[in-house]
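A.B. asks: Dumping the structure here so I can ask a few things about it.
The values are calculated or read from the model by the stated rules, or taken from the named source; none is laboratory data. As the structure is a prediction and not an experimental result, all values here were calculated from the model. Cβ placement follows ideal geometry from the backbone for every residue including glycine, while neighbour counts extend to all protein chains displayed. Just so you know, the surface numbers come from the protein's heavy atoms only, side chains and all, with ligands and any DNA or RNA stripped out. Shrake-Rupley method; radii C 1.70, N 1.55, O 1.52, S 1.80 Å.
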Amino acid sequence: MDTDDDFMSNVSSEDDILPDDSENDMSGDEDFGFDDEPDAHIDSQKDDGYKKKAAYDISFKVYQPSDVQKQQDELINEVNMILDISKEEAAILLRHFRWNKERLIEDYMDKPSQVLDAAGLATTSAGPPRMQVVPGFVCDICCEDEPGLQTFALKCGHRYCVDCYRHYLSQKIRGEGEAARIQCPSEGCNVIIDARSLDILVTPELTARYHELLHRTYVEDKETLKWCPAPDCENAIECAVKKKDLDKVVPTVSCLCGHRFCFGCILNDHQPAPCELVKKWLKKCADDSETANWISANTKECPKCNSTIEKNGGCNHMTCRKCKHEFCWMCMGLWSEHGTSWYNCNRFEEKSGTEARDAQAKSRVSLERYLHYYNRYANHEQSARLDKDIYHKTEKKMVQLQKESGMSWIEVQYLNSASQALQTCRQTLMWTYAFAFYLARNNLTEIFEDNQKDLEMAVEALSEMFEKPIAELADSKLKVEIMDKTSYCNKRRVILLDDTAQNLAEGRWTFNTELLGSGANGGPSTRR
Amino acid sequence: MSVPFAAKRLGKELNKISSSLPPGIELVSADNFEEWLLDIKVLDNNPLYQNQTYRLKFRFSPSYPIEPPEVVFIQLPDRPIPIHPHIYSNGIICLDLLGQQGWSPVQNVESVCMSLQSMLTGNSKNERPPGDEEFVRANTMRPKDIQFYYHDNDV
Ligand SMILES: [Zn+2]
Ligand SMILES: [Zn+2]
Ligand SMILES: [Zn+2]
Ligand SMILES: [Zn+2]
Ligand SMILES: [Zn+2]
Ligand SMILES: [Zn+2]
């Protein structure tokens, strides 16, 4: 799908309506500087004439695999020349210093032997790496003592049979995905296997995997670089937003492959909710899945005639096939009331007073409150999924429409744009509910809820138009309406995201939870 | 390779430990190269473990000793789970040398038993790891799939 590019250009075209916010604009410097300055902050960047962006837009660069390789090679060559050490050693040292060239050179100039030692390049050399037959040798790993056994040892002299070495390396590389920091198998020995020794020992197939992993560590070691998580995508993204900034910004980036994700946590785009809220929300939803199951169910009963209705489109406006009763899927209320007061459906009125005093009532209120937001979150998540199906059906629809109306392929593209807008806006709406769940009321929440309401109404309206039968779609008046509504939805989304991002950057929201995660503490945790 | 990697090494280990083992360590059963049982005792008079015998279950993967064995304490009427800040009440042990990072293929069944012995000997805290109850209730994973944060490796 090349949907995002199109969508982003839609967004940019709305830029002129946005408040000027160059302050928070990280201008996309060509050479990003790779600074390891702990305090290179978001707003310290100069404005060098780049187009003004919305407050929620962040600067980033996409690198293809060859760029990533080139960057590494350049650094290795530089260190190789400056420090007069081999390329293998330069590579190991750079990896040891997590590719911070400046600190490596400084430290090395200062105390070379300590640096070499710490990086596992111990200087007590026993000659260049090679396989050897040693008389009277017994392998400490397999206990083999057969004469003529091929053995291998790194600079540390810990010698094992080649067969054991191979097993060990293949376990590390294939089993554990390690490459840059594989140590000598001896207990407590921190000498690191270099690429040259590895090439002597293992099969070409494993060598290829090893070099691939080494290549990956470059990106994994740098806080400013991350792999695009899309399956089969090999690009890396560079972005200056650091972990400690994640309470101020939601860094959504988009790869050349079209995938949009959060640079902070690698999940799909979750603006406007900050990473930590997303993490907590997803955990909460998983924990409460039992209570939540009934809500996300795909079927509901008509509030009037009780016949079962299955939701099969993204729109919340339900019409019972049997009795023609019109109601809202989310709150089951009359649809006619929603035209003017959608308000009732996006905001949870905090219960107060007598009820809340009672502890039991309190926990019920808190569950109700959670379900209120979860219900709406799950609804948009589900609708976004259904809208995705609709997107696939859209192409068919576009073909039919061409036949019926005589419009050209270009002329029916507006359906495509509408379908994309629906998905992106639902994605945003979904996260506004998680955001709202953790939001403590202050003088800004009302504006937020109004923005949320406006976007939600626009999305439902567009969704409804979009589901009209082909015969109606052929009407050129409806086409104009859909195009207008699409652009309106995108506009409302930009306004909502811009407002939340600005307030987040300036610390004006109050949340009833912490925004920066606490680090790892004791105790077991599940891997990955 | 005709003989599986683990079998070759375990055969040699078995030969050695059938004839001699350090004091306080006893082989209970080793009928195959997948699972062995051993008993360990603490030799000094640490009141926490005095007069107690503990049962260890070792499980070996085919690529042992390249991969660490899975080692847990098991409970029997006369074999309790030792109280220790790194031993969960379901017998799972949080010890870095049993993890992929801390394991060295030079280690063996005997050296693991000795490390556990000394881990008990050196302990004076009559307590389980933090979050023991919750962990024991929730855990459905094999020890090797649990990522432990080693609290402090010198206990
Ligand atoms: Zn060997
Ligand atoms: Zn060594
Ligand atoms: Zn990508
Ligand atoms: Zn995130
Ligand atoms: Zn009905
Ligand atoms: Zn409603």
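A.B. asks: Taking residue A:192, is it more than 11 Å from chain B (Cβ to nearest Cβ) and touching a helix residue (DSSP H, G or I) at 6+ places or on another chain (Cβ under 9 Å)?
C.D. replies: Yes, satisfied.
A.B. asks: For the condition open to solvent by 40 Å² or more (accessible area, probe 1.4 Å), among the charged types (D, E, K, R), more than 16 Å from ligand 5 (Cβ to nearest atom) and touching a Pro at 6+ places or on another chain (Cβ under 8 Å), what is the one hit in A:234, A:212, A:220?
C.D. replies: Of A:234, A:212, A:220, the one residue that is open to solvent by 40 Å² or more (accessible area, probe 1.4 Å), among the charged types (D, E, K, R), more than 16 Å from ligand 5 (Cβ to nearest atom) and touching a Pro at 6+ places or on another chain (Cβ under 8 Å) is A:234.
A.B. asks: Looking only at the stretch B:61-93, which residues are away from every other protein chain (no Cβ under 14 Å) and not in a strand (DSSP E or B)?
C.D. replies: B:75, B:77, B:78, B:80, B:81, B:82, B:83
A.B. asks: Return a yes/no flag: does the stretch A:461-469 have any residue that is within 20 Å of the chain's Cα centre (by Cα) and surrounded by 24 or more Cβ atoms within 10 Å (Cβ to Cβ).
C.D. replies: no
A.B. asks: For residue B:118, indicate whether it is more than 10 Å from every other protein chain (Cβ to nearest Cβ), without any contact (Cβ under 8 Å) to a residue 40 or more places away in the chain, under 16 Å from the mean Cα position of the chain (by Cα) and surrounded by fewer than 16 Cβ atoms within 10 Å (Cβ to Cβ).
C.D. replies: On the way: more than 10 Å from every other protein chain (Cβ to nearest Cβ): yes; without any contact (Cβ under 8 Å) to a residue 40 or more places away in the chain: yes; under 16 Å from the mean Cα position of the chain (by Cα): yes; surrounded by fewer than 16 Cβ atoms within 10 Å (Cβ to Cβ): yes.
Answer is yes for this residue.
A.B. asks: Got a sec? Which helices (runs of 4 or more DSSP H) wholly within the stretch A:41-142 have at least 1 residues that are of a type in the set (Ser, Thr, Tyr), under 27 Å from the mean Cα position of the chain (by Cα) and at pLDDT 90 or above?
C.D. replies: Output list reads A:65-82.
A.B. asks: Checking the condition assigned by TED's automatic domain parsing to the domain that holds residue A:167, of a type outside the set (Gly, Ala, Ser) and modelled with pLDDT under 85, which residue from A:209, A:216 passes?
C.D. replies: The conditions single out A:216.
A.B. asks: So, one more: Quickly run through the stretch A:442-486 and pick out the residues that are modelled with pLDDT of 90 or more and within 16 Å of residue A:411 (Cα to Cα).
C.D. replies: Passing the criteria: A:477, A:478, A:479, A:480, A:481, A:482, A:483, A:484, A:486.
A.B. asks: Cβ-Cβ under 7 Å, sequence separation 6+ or interchain: first residue in the stretch A:501-528 and more than 10 Å from every other protein chain (Cβ to nearest Cβ), partner at pLDDT below 50 and surrounded by 12 or more Cβ atoms within 10 Å (Cβ to Cβ). Which pairs?
C.D. replies: What qualifies is A:502/A:21; A:505/A:24.
A.B. asks: Could you say whether any residue in the stretch A:167-177 is within 12 Å of ligand 1 (Cβ to nearest atom), surrounded by fewer than 19 Cβ atoms within 10 Å (Cβ to Cβ) and within 11 Å of chain B (Cβ to nearest Cβ)? Full working, then the answer.
C.D. replies: Just the residues of the stretch A:167-177 that are within 12 Å of ligand 1 (Cβ to nearest atom), to begin with: A:167-168.
Narrowing the set further to residues that are surrounded by fewer than 19 Cβ atoms within 10 Å (Cβ to Cβ) leaves none.
No, the stretch A:167-177 contains no residue that is within 12 Å of ligand 1 (Cβ to nearest atom), surrounded by fewer than 19 Cβ atoms within 10 Å (Cβ to Cβ) and within 11 Å of chain B (Cβ to nearest Cβ).
A.B. asks: Any residue at all in the stretch A:105-124 that's closer than 28 Å to residue A:216 by Cα, within 15 Å of ligand 1 (Cβ to nearest atom), small (Gly, Ala, Ser) and surrounded by 16 or more Cβ atoms within 10 Å (Cβ to Cβ)?
C.D. replies: Looking for residues that are closer than 28 Å to residue A:216 by Cα, within 15 Å of ligand 1 (Cβ to nearest atom), small (Gly, Ala, Ser) and surrounded by 16 or more Cβ atoms within 10 Å (Cβ to Cβ), one finds none in the stretch A:105-124, hence no.
A.B. asks: Testing residue B:99 on (1) small (Gly, Ala, Ser); (2) open to solvent by 60 Å² or more (accessible area, probe 1.4 Å); (3) under 20 Å from residue A:169 (Cβ atoms), one condition comes back false. Which one is that?
C.D. replies: Going through the list (1) small (Gly, Ala, Ser); (2) open to solvent by 60 Å² or more (accessible area, probe 1.4 Å); (3) under 20 Å from residue A:169 (Cβ atoms), residue B:99 breaks only (2).
A.B. asks: For residue A:130, indicate whether it is open to solvent by 60 Å² or more (accessible area, probe 1.4 Å) and more than 13 Å from chain B (Cβ to nearest Cβ).
C.D. replies: yes
A.B. asks: Considering only the stretch A:145-237, give the strands (runs of 3 or more DSSP E) lying wholly within it that have at least 1 residues that are among the aliphatic types (A, V, I, L, M) and within 16 Å of ligand 3 (Cβ to nearest atom).
C.D. replies: Of the strands (runs of 3 or more DSSP E) lying wholly inside the stretch A:145-237, those with at least 1 residues that are among the aliphatic types (A, V, I, L, M) and within 16 Å of ligand 3 (Cβ to nearest atom) span A:225-227.
A.B. asks: Across the stretch A:238-255, which residue is farthest from ligand 3 (Cβ to nearest atom) among those that are part of a helix (DSSP H, G or I) and open to solvent by 20 Å² or more (accessible area, probe 1.4 Å)? Working first, answer last.
C.D. replies: Going residue by residue through the stretch A:238-255, those that are part of a helix (DSSP H, G or I) are A:243-245.
Still in the running and open to solvent by 20 Å² or more (accessible area, probe 1.4 Å): A:243-244.
Values: A:243: 22, A:244: 26 Å.
Once the filter is applied, the top-ranked residue is A:244.
A.B. asks: For the list (1) open to solvent by 70 Å² or more (accessible area, probe 1.4 Å); (2) over 36 Å from the mean Cα position of the chain (by Cα), I need the number of the one condition that residue A:190 fails.
C.D. replies: The single condition residue A:190 does not satisfy is (2).
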